[in-house]
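Okay, so here's the structure we're looking at.
The values are calculated or read from the model by the stated rules, or taken from the named source; none is laboratory data. The structure presented is a predicted model; accordingly, all values stated were derived computationally and were not measured. Neighbour counts are summed over all protein chains in view; Cβ atoms, including those assigned to glycine, are modelled from backbone coordinates with ideal geometry.
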Amino acid sequence: MGETHYTLADIAEHIGATLKGDGAKVICGIASLSAATGQHVSFLNNTKYVKYLSATHAAAVILAPSYVEKCSIAMLVMDDPYVGYAKVAQLFDRAPAVIAGIHPSAMIGEASQIAASATVAANVVIGEGVRIGEQTQIHPGVVIADNVTIGNHCIIFPNVTLYHDVNIANRVHIHANTVIGSDGFGNARDKQGVWLKIPQLGAVDIHDDVEIGASVTIDRGALDDTVIARGVKLDNQIQVGHNVHIGENTAIAAGTGIAGSTRIGKNCMISGLVGFAGHFDVADGAVITGMTKVTKAITKPGIYSSGTVIEPHRDWLKHAVHFRQLGDIVTRIKKLELSIKDGFKTEGVD
Amino acid sequence: MGETHYTLADIAEHIGATLKGDGAKVICGIASLSAATGQHVSFLNNTKYVKYLSATHAAAVILAPSYVEKCSIAMLVMDDPYVGYAKVAQLFDRAPAVIAGIHPSAMIGEASQIAASATVAANVVIGEGVRIGEQTQIHPGVVIADNVTIGNHCIIFPNVTLYHDVNIANRVHIHANTVIGSDGFGNARDKQGVWLKIPQLGAVDIHDDVEIGASVTIDRGALDDTVIARGVKLDNQIQVGHNVHIGENTAIAAGTGIAGSTRIGKNCMISGLVGFAGHFDVADGAVITGMTKVTKAITKPGIYSSGTVIEPHRDWLKHAVHFRQLGDIVTRIKKLELSIKDGFKTEGVD
Amino acid sequence: MGETHYTLADIAEHIGATLKGDGAKVICGIASLSAATGQHVSFLNNTKYVKYLSATHAAAVILAPSYVEKCSIAMLVMDDPYVGYAKVAQLFDRAPAVIAGIHPSAMIGEASQIAASATVAANVVIGEGVRIGEQTQIHPGVVIADNVTIGNHCIIFPNVTLYHDVNIANRVHIHANTVIGSDGFGNARDKQGVWLKIPQLGAVDIHDDVEIGASVTIDRGALDDTVIARGVKLDNQIQVGHNVHIGENTAIAAGTGIAGSTRIGKNCMISGLVGFAGHFDVADGAVITGMTKVTKAITKPGIYSSGTVIEPHRDWLKHAVHFRQLGDIVTRIKKLELSIKDGFKTEGVD
């Protein structure tokens, strides 16, 4: 693996920043302010790291105009240094390149169309009637069932399983061991209490620019499709039930579970291990903190939470007991209120 | 993939409903009341959808006798329309058919027996001493270790891993990327604080008619076996620890974690992201709502919960602080009660 | 699979126990006190099982010196019988042996070095520049990307995915379908609200003697590496975000999610379905109970919890409503306190 190099001038141009300093300086990577050495560019994104600015060994720092006065080395000045960081990181990504073409060990079913510029790696198994677009990479061990469509510039990482009839648009990344299109959890209980399986006849539609983490599961719809809209970002180990809709540019952190027919709006930010009970809507722009139990519709944007705050176990035990006594506590307060009212009244009457 | 067609009379017979309307009408699918077109059958299962009944474009509706008066189109009348829906959906399931036989790329160890009507797909790896029954499908990328037994009419979806000595009965479906028989989490701490692995000598027994979702993990027993009884339905991303027993026809939603040696009864309904602390029993018929923290035995049927209700973050922060002040709150109430008692007593003495 | 046999004397020596009884007795397995038969050794680890001691059919029991008086059969006496159990279980582990060598169906990239005593099973795909050490086993369906290093005596179970540049030291076990080195969840929001991917340039370092469960996901670092220190034990379905550090000998139960840049200390014990909000430290020796919401640093060892205790749903509903009234409850108490103070004052004035 050779080393990648850019001049500071190249980088300024790539990220759209104003350069203050020597544009000929050679940069071979990006690092945090404290870890950077003389061949690294660094960035200042968060006020709490200003203290590292004076001592950094970086060749240059990406920062906002308001910090220019505080910086005595080369600078790449732009309004959003975090976006600048993202763009520089793209230049130095060391993810291995893949070679276009179909590996001899890959198996491809009848009537499937693989674009000439696509990569189908070793041990991939592709069913019938599958279409794979230009520049798309299918990594080793991926299994793609019949009639799946994958657009252009997608990356499907190793050991992913795509069930039949799943539709994936363009520039979608799906990380390793994720499953898309498995049966939704649909069972009808008969008179004997035995569960009767409800076949899941819908599919899954994943729109452009979606990224899906590792070991995610997205179930196919019961009748209609499960839909992940354009620009959605899903972290690892997320469960998406049948007929869920996730709106554009919503981001969801790891371990969150979304029960069937939940409709999550656009531009939501949902933390990890959140649970959605299903069959309701969540407003555009809702922000939900970690481990929140979402049991009903969220009708307007804002930040939402549930649970209690971590504390020493011994204290928690007492408070948890008191929680279960809250009915009694309220009754005692009512009684006190009455006593006082009556007591004063009695006094008054006297 | 050709289109499947049935007459309304065929469907009535298949689901055991009384037909009111033209039995010759051709039906090519099932859809919700609002999405159905003239070639679809639909169903009315939930009172809250009655409003869609008059406007539906469906060719016919499966409904309960009590709604017959409200319906002006063809009807399939039966006591449990949801079961009727399940059975019609089975007719229109478009999951691709598989061809019996062993794919040339599959690898099968010595002394393994694969039934003639079974399917072993591409890139399947099967160890030694494995037995696979009639009509069972092993999808691509599945790895089956030594001495696994799988009965008849099972479906093992792609990229599933079955460890050695796992026993799977008949009509069991296991969705993609699920792992059965991995080591239970057993470690003994030595005097130096270093963990010593406890080899897991038990196996996993999965009885008839079980369905297991995608990315589920079921650990093998430490000494005895982990057992999933007949008719159990597990959603995606569930964790089942070593020596857990799950009773007949219990259904568990996604993301739930069950620690070692928990014994869950029959006919339980457990929602998503529930946690079981392990080493206790849960009574038959228990119903547990989402994200509940089950830390002790449940000795009788009923509905159980824990946690708090979602609310705006700003309000929640205050309430969470008050929760930690509950000891203080109770002390203040006691003091008030004493004050009043003493106050009145004093007054009385006066 | 033949049966394994040891004499009681062999076992006493293997586990470092003092034998009381016939050392020539042949033992063919280990079982719990109640399940053991005359060819089994058993163990007494927990006071609550003493009641089974007199009735056990075991050939011998591993127990602590304090129980010798209560036992009338052969004994293996040692200070920590649970460690003894772990060591005997190692003797009777029936996990199938593997044969060293590279299976003909395995694919190995250029410049990769596989030790002669290593096993590379069927359908394994290994990239370029990979090194695999002595006695290490790579099970079927594993995909290993470029420049991964794996040390000696490791076991990588089926269908695991290792992304590029992951480093795994010695005696590391990674269970089936786990993913190591997937991209961390890093996105920068541009002015239009669209997420811009931040390439993840770090790697993952897994030190000696780590065990990782099934369907775990460990993300690669954003700039620096994600680190799992020596002797860490991770259960199934755990999510480890980018740049997390987990300290030596810490054990974590299933379903726990650790957000980016959390630093967990040494010798911690963390239960299942715990959530860490990220970007803070957890002290050495911290113990965290199941489903706890860890939203801030834990600065000293101890046991920590959050949440409420399970109760019948009907009761819980009332208490959850009262939780949201805690502000009002506190206000009412303040008012009562003032009333009484004023009331008495008034009386005093009178």
Hits in the stretch C:55-98 - residues which are of a type in the set (S, T, N, Q) and farther than 21 Å from B:Trp195 by Cα = C:Thr56, C:Ser66, C:Ser72
Filtering the stretch A:19-43 down to residues that are hydrophobic (A, V, I, L, M, F, W, C), in contact (Cβ under 8 Å) with a residue 12 or more places away in the chain, in a loop (DSSP other than H, G, I, E, B) and within 14 Å of chain C (Cβ to nearest Cβ) yields A:Cys28, A:Ala31, A:Leu33, A:Ala36
On the given criteria, is C:Glu3 more than 11 Å from every other protein chain (Cβ to nearest Cβ), out of contact with any His (no Cβ under 9 Å at 6 or more places or on another chain), within 30 Å of B:Ala111 (Cβ to Cβ) and surrounded by fewer than 19 Cβ atoms within 10 Å (Cβ to Cβ)?
-> yes
By residue number, the members of the stretch C:308-347 that are of a type in the set (S, T, N, Q) and facing another protein chain (nearest Cβ under 7 Å) are C:Thr308, C:Ser339
Considering B:Ala214, B:Ala222, which residue is under 30 Å from A:Ile144 (Cα atoms) and either assigned to a loop (DSSP other than H, G, I, E, B) or within 21 Å of the chain's Cα centre (by Cα) (or both)?
-> B:Ala214
By residue number, the members of the stretch B:1-18 that are within 19 Å of B:Tyr82 (Cα to Cα) and either assigned to a loop (DSSP other than H, G, I, E, B) or free of Cβ contacts under 8 Å to residues at least 40 places away in the same chain (or both) are B:Ala9, B:Asp10, B:Glu13, B:Gly16, B:Ala17
Out of all the residues in the stretch C:233-254, which are part of a loop (DSSP other than H, G, I, E, B) and under 30 Å from A:Thr37 (Cβ atoms)?
-> C:Gly241, C:His242, C:Asn243, C:Val244, C:Gly247, C:Glu248
Counted residues, the stretch C:200-232 - those being out of contact with any Leu (no Cβ under 9 Å at 6 or more places or on another chain), more than 13 Å from C:Ser261 (Cα to Cα), surrounded by 23 or more Cβ atoms within 10 Å (Cβ to Cβ) and not aliphatic (A, V, I, L, M) | 3
Could you tell me which numbered condition B:Gly84 fails, if it satisfies all but one of (1) out of contact with any Gly (no Cβ under 6 Å at 6 or more places or on another chain); (2) without any contact (Cβ under 8 Å) to a residue 60 or more places away in the chain?
-> (2)
Contact list, first residue from the stretch A:250-268 and facing another protein chain (nearest Cβ under 9 Å) and within 20 Å of C:Lys197 (Cα to Cα), second anywhere and part of a strand (DSSP E or B) and at pLDDT below 95, beta-carbon distance below 9 Å, six or more apart or interchain, is A:Ala251/C:Arg189
Does A:Asp165 satisfy the criteria of being of a type in the set (Asp, Glu), surrounded by 21 or more Cβ atoms within 10 Å (Cβ to Cβ), facing another protein chain (nearest Cβ under 10 Å) and touching a residue at least 40 places away in the same chain (Cβ under 8 Å)?
-> yes
Return the residue satisfying two criteria in turn: it lies in the stretch A:44-55 and is within 12 Å of chain C (Cβ to nearest Cβ) and assigned to a loop (DSSP other than H, G, I, E, B), and of such residues it is surrounded by the fewest Cβ atoms within 10 Å (Cβ to Cβ).
-> A:Asn46
Filter the stretch B:168-200 down to residues that are in a strand (DSSP E or B) and more than 18 Å from the chain's Cα centre (by Cα) and give me whichever is farthest from B:Ser215 (Cα to Cα).
-> B:Arg189
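Counting only residues that are of a type in the set (S, T, N, Q) and either within 27 Å of the chain's Cα centre (by Cα) or within 13 Å of chain C (Cβ to nearest Cβ) (or both), which one in the stretch B:113-142 is surrounded by the fewest Cβ atoms within 10 Å (Cβ to Cβ)?
The extreme case among them is B:Gln135.
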Just wondering, is there one or more residues in the stretch C:206-228 that are of a type in the set (Asp, Glu), at pLDDT 95 or above, out of contact with any helix residue (DSSP H, G or I) (no Cβ under 8 Å at 6 or more places or on another chain) and under 30 Å from A:Ser306 (Cβ atoms)?
-> yes
Residue count for the stretch A:277-307, restricted to those that are facing chain B (nearest Cβ under 10 Å), closer than 25 Å to C:Gly257 by Cα and either surrounded by 17 or more Cβ atoms within 10 Å (Cβ to Cβ) or in contact with a strand residue (DSSP E or B) (Cβ under 9 Å, 6 or more places away or on another chain) (or both) | 17
May I ask you to list pairs of residues, at least six apart or on different chains, whose Cβ atoms are under 6 Å apart, with the first in the stretch C:200-222 being on the phi > 0 side of the Ramachandran plot and the second being part of a loop (DSSP other than H, G, I, E, B)?
-> C:Asp209/C:Arg171; C:Asp209/C:Arg230; C:Asp209/C:Gly231; C:Ser215/A:Ser215; C:Ser215/B:Ser215; C:Ser215/C:Asn177; C:Ser215/C:Asn236; C:Ser215/C:Gln237
Taking only the stretch A:301-318 into account, find how many residues are in contact with a Gly (Cβ under 7 Å, 6 or more places away or on another chain) and within 17 Å of B:Thr292 (Cα to Cα).
-> 3
Going by the conditions given, is A:Gly241 surrounded by 24 or more Cβ atoms within 10 Å (Cβ to Cβ), over 15 Å from the mean Cα position of the chain (by Cα) and facing another protein chain (nearest Cβ under 9 Å)?
-> yes
How many of the residues in the stretch B:170-192 are more than 14 Å from chain A (Cβ to nearest Cβ) and basic (Lys, Arg)?
-> 2
Mind checking whether some residue in the stretch C:120-134 is out of contact with any Asp or Glu (no Cβ under 8 Å at 6 or more places or on another chain) and in contact (Cβ under 8 Å) with a residue 60 or more places away in the chain?
-> no
Given (1) more than 23 Å from B:Lys293 (Cβ to Cβ); (2) surrounded by fewer than 24 Cβ atoms within 10 Å (Cβ to Cβ); (3) out of contact with any helix residue (DSSP H, G or I) (no Cβ under 6 Å at 6 or more places or on another chain), where does B:Asn177 come up short, assuming only one miss?
-> (2)
Mind listing whichever residues of the stretch C:274-330 are of a type in the set (Val, Ile, Thr) and not in a loop (DSSP other than H, G, I, E, B)?
-> C:Val282, C:Val287, C:Ile288, C:Val294, C:Ile298, C:Ile303, C:Val321, C:Ile329, C:Val330
Could you please give the count of residues in the stretch B:267-300 that are more than 18 Å from C:Thr292 (Cβ to Cβ), more than 18 Å from the chain's Cα centre (by Cα) and either at pLDDT below 95 or charged (D, E, K, R) (or both)?
-> 3
How many residues are in contact (Cβ under 8 Å) with a residue 24 or more places away in the chain and surrounded by fewer than 24 Cβ atoms within 10 Å (Cβ to Cβ) if we restrict to the stretch A:143-162?
-> 3
Out of (1) in contact with a Leu (Cβ under 9 Å, 6 or more places away or on another chain); (2) more than 14 Å from every other protein chain (Cβ to nearest Cβ); (3) small (Gly, Ala, Ser), the odd one out for B:Ala58 is which?
-> (2)
